[in-house]
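A.B. asks: Next up is a structure, given as structure tokens.
Bear in mind these aren't lab numbers, they're just calculated from the coordinates by the rules spelled out. Keep in mind that this is a model prediction, so the values were computed, not measured. Cβ placement follows ideal geometry from the backbone for every residue including glycine, while neighbour counts extend to all protein chains displayed.
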Ligand SMILES: Cc1cc2nc3c(=O)[nH]c(=O)nc-3n(C[C@H](O)[C@H](O)[C@H](O)COP(=O)(O)OP(=O)(O)OC[C@H]3O[C@@H](n4cnc5c(N)ncnc54)[C@H](O)[C@@H]3O)c2cc1C
């Protein structure tokens, strides 16, 4: 069975993996010149279904709870299973209580345990929530590893190729994100930055709750931290604004003042494709299956969506999102 996958974001790469694993002959066409430049490239890489349940519906937890296992199998060595730490300044203690009420899979930690988990946050936060079942990856490394694995197993990945120009496939999986021809989609702009400082070490994503400027810091290799992210109802991919940068940097310094001396390695913007209910969809139209609406859960939910899409292709049966 010859299948064309349109787009090499996280949806396209995971779909290609699931299809190739089932024995399909897969071609991935990516209109961009290389991996990157899409929403997936700017993601934090948090695999945090329990934390995300604070603002997301139950399917996000149900579909995402095995994502770390999927990434471990597909890209061995890429997943860090160290949980998530959620903290707030003492004046924002109500935010922690609210977060705890809306989530599960956590335990309360005191100052001492925060210091044991993250020594560099010692004496900074008196109380927090620890989500031990969560994990994270570096999206760029994971996508590169997945790309290389797909190529090694015979998947044809062509960059600078508009999938609309290709024909002769029995099935197509449309993973083109915001470019998809679907008027139900909206964009949610996410601004992020990568900071570098050897003065702080974190072992896991840390979320700092705040009524107006919540923030997360995800540790990356080489003393770098992905700091994110804004959530703006806009599909503008224009550069990060001064206001957003000041807000993100202010919150980063509230997490740890040493971020004030960090170097700004990169700022970036990704536009999250979302439906009105912020849940993803796998939908079939004839011989075409579309995976879209991954919103802020692309790395978390793409594995489950890819599996559903591959099953659809192989069964030819319409399937509904769980
Ligand atoms: C700042 C930020 C932080 C985030 N953090 C997280 C996180 O911590 N955890 C998490 O799970 N998710 C996170 N997300 C969400 C995640 O990044 C998105 O849900 C995901 O990237 C969407 O993936 P996608 O493959 O659908 O779209 P994209 O990554 O945008 O990929 C679509 C691809 O299709 C290509 N394309 C379009 N048209 C064509 C065509 N005609 N032919 C060929 N190719 C085409 C595009 O060039 C693009 O490469 C974050 C997002 C942002 C912006």
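A.B. asks: Hey, rough spin-label estimate for residue 144 and residue 107, points 7 angstrom out along Cα→Cβ, what's it come to in nanometres?
C.D. replies: In this crude spin-label approximation the distance works out to 3.7 nm.
A.B. asks: What's the exposure ranking of 71, 50, 41, going from fewest to most Cβ atoms within 10 Å? Write out the running numbers ahead of the final one.
C.D. replies: Numbers: 71 25, 50 21, 41 17.
Exposure proxy ranking, most exposed first: 41, 50, 71.
A.B. asks: How far, in nm, would the chain grow between residue 120 and residue 22 when pulled straight, counting 0.36 nm per residue and subtracting the alpha carbon separation? Numbers along the way, then the final one.
C.D. replies: Numbers: separation 98, 0.36 × 98 = 35.28 nm, distance 4.56 nm.
30.7 nm is the gain from fully extending residue 120 to residue 22.
A.B. asks: Which of 104, 176, 167 has the fewest other C-beta atoms within 10 Å, and how do the rest follow up to the most?
C.D. replies: Numbers: 104 11, 176 27, 167 8.
Ordered by Cβ neighbours within 10 Å, fewest first: 167, 104, 176.
A.B. asks: Give me the angle, in degrees from 0 to 90, between the Cα long axis of helix 298-315 and the longest principal axis of the Cα atoms of the chain, rounded to the nearest 10.
C.D. replies: 20
A.B. asks: Calculate I(q)/I(0) for the stretch 249-322 by the Debye formula, one identical point scatterer on each C-alpha and no solvent, and give its log10 at q = 0.14 Å⁻¹ to two decimals.
C.D. replies: -0.59
A.B. asks: Taking the DSSP beta bridges in the chain as the whole, what percent of them are antiparallel, to the nearest 5?
C.D. replies: Beta bridges within the chain, antiparallel portion: roughly 65 percent.
A.B. asks: Okay, next question. Could you calculate the FRET efficiency of residue 66 with residue 258 from 1/(1 + (r/R0)^6), where r is the beta carbon distance between them and R0 is 41 Å, rounded to 0.05?
C.D. replies: Numbers: r = 36 Å, r/R0 = 0.88.
Once the sixth-power term is evaluated, E becomes 0.70.
A.B. asks: Which stretch or stretches of the stretch 288-309 have amide N atoms under 20 Å from the point lying 7 Å from residue 164's Cα along the Cα→Cβ direction?
C.D. replies: What the label zone holds, given the 20 Å backbone N cut-off, is 288-293.
A.B. asks: A follow-up question, please. Per the Cauchy relation, a quarter of the hull surface: what is the mean projected area of the convex hull of the alpha carbons in the stretch 1-142, in nm²? Intermediate values should be presented prior to the final figure.
C.D. replies: Details: hull surface 41.1 nm².
If you wrap the Cα atoms of the stretch 1-142 in a convex hull and average its projections, you get 10.3 nm².
A.B. asks: Let me ask something else about it. For the chain, how big is Rg over Rh, using alpha carbon atoms and the Kirkwood form of Rh?
C.D. replies: Numbers: Rg = 19.6 Å, Rh = 20.1 Å.
Reported Rg/Rh, Kirkwood definition of Rh: 0.98.
A.B. asks: Against the longest principal axis of the chain, how steep is helix 242-255, in degrees 0 to 90 to the nearest 10, with axes from Cα atoms?
C.D. replies: Around 60 degrees separate the two axes.
A.B. asks: Each label point is 7 Å from the Cα along the Cα-to-Cβ direction; what then is the distance between the points at residue 199 and residue 127, in nm?
C.D. replies: The two pseudo-label positions are separated by 3.0 nm.
A.B. asks: For residue 287 and residue 213 in one chain, what is 0.36 nm times their gap in residues minus the Cα-Cα distance, to one decimal in nm?
C.D. replies: Details: separation 74, 0.36 × 74 = 26.64 nm, distance 4.42 nm.
Working it through step by step, the gained length comes to 22.2 nm.
A.B. asks: Using all Cα-Cα distances in the stretch 31-84, what percent lands in each 5 angstrom bin from 0 up to the longest?
C.D. replies: 4, 17, 20, 21, 21, 11, 5, 1
A.B. asks: Using the alpha-carbon atoms, what tilt in degrees (0 to 90, nearest 10) does helix 10-21 show relative to the longest principal axis of the chain?
C.D. replies: 50
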